[in-house]
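Presented below is the structure to which this report refers.
The values are calculated or read from the model by the stated rules, or taken from the named source; none is laboratory data. Everything quoted here is computed from the prediction, not taken from an experiment. Cβ atoms come from the backbone with ideal geometry, glycine included; neighbour counts cover every protein chain shown. To get the accessible areas, we keep the full protein, side chains included, count just its heavy atoms, and leave off ligands, DNA and RNA. Shrake-Rupley method; radii C 1.70, N 1.55, O 1.52, S 1.80 Å.
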Amino acid sequence: MAALVRPFFIAVIQNIREHNMRLRNSPVDRPDGSQLFDDTSAAVPGPEGAYRNQQAGPQAEGLPGHSFLSDPMSNLAVAYGSSLASQGREMVDKNLDRFIPISKLKYYFAVDTVYVGKKLGILVFPYMHKNWEVNYQQDIPVAPRFDVNAPDLYIPTMGFITYILVAGLALGTQNRFSPELLGVQASSALVWLIMEVLAVLLSLYLVTVNTDLTTIDLLAFSGYKYVGMIVGIVAGLLFGRPAYYLSLLWCCAAIFVFMIRTLRLKLLSEAAAEGKLVRGTRNQLRMYLTMSIAAAQPIFMYWLTYHLIR
């Protein structure tokens with residue numbers, strides 16, 4: 001008897017469990033057949049589900065960047081692009097160094113505070129300076145910070161910028177300042193400087209002078225006159241027009257002596273550089289050229305400053 005009843009109860013219990021599972025999984029409906037609550041569990045995943053989707057999404061769908069980097073052709077394209085970029089950079093550096101010698105420009109800016117102080121003293125008081133020869137080391141001129149006679153571009157560059165600033169100050173004290181007028185002042189000074197250097201280069205070509213002077217050297221020597229121009233303008237702003245003329249006259253004489261003693265070692269022959277009598281047509285042309293370059297400096301100094309003092 002027990003053996004017959006036991007399977008019956010087991011079957012009933014299994015039917016009850018299956019019925020409860022169906023009730024638990026089926027939605028709760030209203031009497032009219034509509035669903036009481038919307039099932040949003042499938043539409044809006046929970047935070048954990050969203051996190052799992054974010055983690056599994058790239059692996060399931062496949063990352064474009066990951067597949068691109070893993071492609072051998074893409075790696076080859078990246079390597080080829082890098083090689084092209086490096087070749088282009090080398091080409092630009094080579095062509096830039098051809099027109100603008102960066103390595104040589106570093107030499108002209110190799111200065112220190114001691115050099116700048118001594119050089120400014122020579123530009124304003126050149127009469128006490130005795131040795132004007134440039135020192136060489138293995139046929140290469142030493143850096144300006146080791147030789148006060150070596151030309152540099154630091155003082156001309158800073159002098160040009162300071163001249164523009166002082167010119168703006170002078171125009172402001174006269175209620176004539178404007179950005180356009182300051183730009184005209186800067187551009188005119190730069191144009192005159194370029195024209196001066198080009199005129200000297202043309203003269204050297206016509207006279208056929210064999211010299212180690214470079215274009216950068218001429219630019220440096222032509223830019224030293226801005227020191228005297230600044231001194232004249234500042235003296236005129238502080239003490240009036242008579243002080244401007246006196247200080248400018250002193251600086252003009254100083255730059256004339258400086259250019260004569262510096263350029264004679266570059267342009268004149270060895271005999272003239274030693275102080276002996278200059279003979280020959282070519283040497284006389286070199287002497288006239290040296291004096292012309294030196295005499296042009298006071299003219300430019302006055303031309304670029306006289307209208308700033310009233």
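Within the range 121-138, residues that are within 25 Å of M301 (Cβ to Cβ) reach partners that are β-branched (V, I, T) and assigned to a loop (DSSP other than H, G, I, E, B) with beta carbons closer than 7 Å, at six or more positions or on different chains, in the pairs I122/V148.
Would you mind stating whether I194 is in a helix (DSSP H, G or I), open to solvent by 40 Å² or more (accessible area, probe 1.4 Å) and closer than 20 Å to P298 by Cα? Yes.
Going by the structure shown, is R279 basic (K, R), part of a helix (DSSP H, G or I) and either within 20 Å of I164 (Cβ to Cβ) or modelled with pLDDT under 95 (or both)? Against the criterion (basic (K, R), part of a helix (DSSP H, G or I) and either within 20 Å of I164 (Cβ to Cβ) or modelled with pLDDT under 95 (or both)), R279 does not qualify. Screening the range 169-179 for residues that are part of a helix (DSSP H, G or I) and small (G, A, S) and picking the one that is nearest to M229 (Cα to Cα) gives A170. Looking across the range 182-193 at every residue that is in contact with a Leu (Cβ under 9 Å, 6 or more places away or on another chain) and without any contact (Cβ under 8 Å) to a residue 24 or more places away in the chain, the one that is nearest to I293 (Cα to Cα) is identified as Q185. Looking at the range 110-125, can you tell me whether even one residue there is at pLDDT below 90, open to solvent by 90 Å² or more (accessible area, probe 1.4 Å) and not basic (K, R)? No; the residues of the range 110-125 include none that is at pLDDT below 90, open to solvent by 90 Å² or more (accessible area, probe 1.4 Å) and not basic (K, R).
For every residue, the table says whether it meets (1) assigned to a helix (DSSP H, G or I); (2) open to solvent by less than 30 Å² (accessible area, probe 1.4 Å).
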{"residue": "W132", "(1), (2)": "no, yes"}
{"residue": "Y163", "(1), (2)": "yes, yes"}
{"residue": "A167", "(1), (2)": "yes, yes"}
{"residue": "L181", "(1), (2)": "yes, no"}
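Hey, could you check the range 134-144 for residues that are assigned to a loop (DSSP other than H, G, I, E, B) and surrounded by 12 or more Cβ atoms within 10 Å (Cβ to Cβ) and say which is nearest to the chain's Cα centre (by Cα)? The extreme case among them is A143. Of all the residues in the range 253-263, those that are open to solvent by 10 Å² or more (accessible area, probe 1.4 Å) and over 33 Å from the mean Cα position of the chain (by Cα) number 5. For S247, the conditions (1) farther than 21 Å from N131 by Cα; (2) modelled with pLDDT of 90 or more; (3) open to solvent by 50 Å² or more (accessible area, probe 1.4 Å) are fulfilled apart from (3).
Considered as a group, the residues in the range 197-243 that are open to solvent by 30 Å² or more (accessible area, probe 1.4 Å) and outside any helix (DSSP H, G or I) include one that is nearest to L165 (Cα to Cα), and that residue is T214.
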